[in-house]
Structure formats: C-alpha cells, structure tokens
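Read-outs throughout are calculated quantities, based only on the coordinates presented, and are distinct from any laboratory measurement. It should be emphasised that the depicted structure is a prediction, and the values quoted were computed from it without experimental measurement. Here the Cβ positions follow ideal geometry from the backbone for every residue, glycine too, while neighbour counts run over all protein chains shown.
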C-alpha cells in the first residue's frame with residue numbers, strides 16, 4: 001500500500017511512503033512551490049491513500065487581522081488535492097497539525113516547534129503518523145523486532 005501525504009501551502013511538502021508487512025519505506029519527498037493540478041494528479045495516481053494536513057483559521061488569530069486580505073493558499077491547495085483524490089477514487093484523509101510532533105518521532109526526525117521550511121518533513125510526519133496510528137505499521141526505520 002502506498003500513502004501520499006501533503007503539507008499544503010504556497011510551498012507544498014510531499015511524501016510518498018510504502019507500507020508492506022507493517023514495514024514503512026520512504027519512497028519520495030519533495031517541496032513544490034505553487035503546486036499545479038497535473039502534478040497532484042501524477043502523484044495521486046501512484047498511491048492508495050492521500051493524507052493532507054488540515055488548515056483551520058483560529059479565532060484568536062483571525063481577530064488580530066492575521067488573515068485580512070489573505071488568499072488562503074493552504075485552503076486552496078487542500079481543495080485541489082481533495083478534488084483530484086476524489087476524481088481518482090482514492091481515500092482522502094485530513095489530519096490536524098497537532099499530530100506532527102508524534103509523526104516526527106515515529107519518522108525518526110527531530111521536531112522543532114515553529115521551525116520554517118520543513119514542508120517535506122511535515123508531509124513525512126503525516127504519512128508516518130497515519131501509517132502507524134491507523135494501519136498499525138512499525139515506525140519508520142524499525143525492523144520486525146523493533147530495532
């Protein structure tokens with residue numbers, strides 16, 4: 001089974017992970033600036049499940065004016081990814097950003113709160129989190145005995 005995960009935004013992180021016999025293999029990561037529909041389609045055709053980080057406007061941030069005149073690029077990218085996933089009849093899953101620390105740990109990556117430019121690592125964290133939590137995979141880099 002192949003899992004494709006996205007960290008959506010002006011620069012979108014992408015990770016493709018394969019799950020076989022509870023073992024995860026990282027096949028591909030990328031950061032794509034201003035992702036296009038044909039890129040999403042090519043990626044989605046390679047997978048069974050599409051996982052995407054959700055984006056919600058927090059009321060306290062909205063009240064500060066942080067989103068005034070904002071094009072909401074992450075929301076637009078999520079819509080594109082979800083539409084392509086549905087067209088290709090792939091399972092589509094939204095995950096909250098709050099899972100990233102656990103996903104980073106299970107992926108063998110160091111999580112640094114607030115660090116910028118980690119789009120591909122964020123996508124890996126989402127793929128690995130889903131695989132471990134939902135599909136009962138072993139964390140990335142572990143063998144059958146957990147080593």
Original post:
Of these, 18, 46, which one is assigned to a loop (DSSP other than H, G, I, E, B) and more than 11 Å from the chain's Cα centre (by Cα)?
Top reply: 46
Subject >> Subset of region 104-130 [part of a helix (DSSP H, G or I), in contact with a helix residue (DSSP H, G or I) (Cβ under 8 Å, 6 or more places away or on another chain) and over 19 Å from residue 77 (Cβ atoms)] >> reply: 104, 106, 128, 129
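Let's see how each residue does on (1) surrounded by 21 or more Cβ atoms within 10 Å (Cβ to Cβ); (2) part of a loop (DSSP other than H, G, I, E, B):
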{"position": "13", "(1), (2)": "yes, no"}
{"position": "28", "(1), (2)": "no, no"}
{"position": "32", "(1), (2)": "no, no"}
{"position": "35", "(1), (2)": "yes, yes"}
{"position": "42", "(1), (2)": "no, no"}
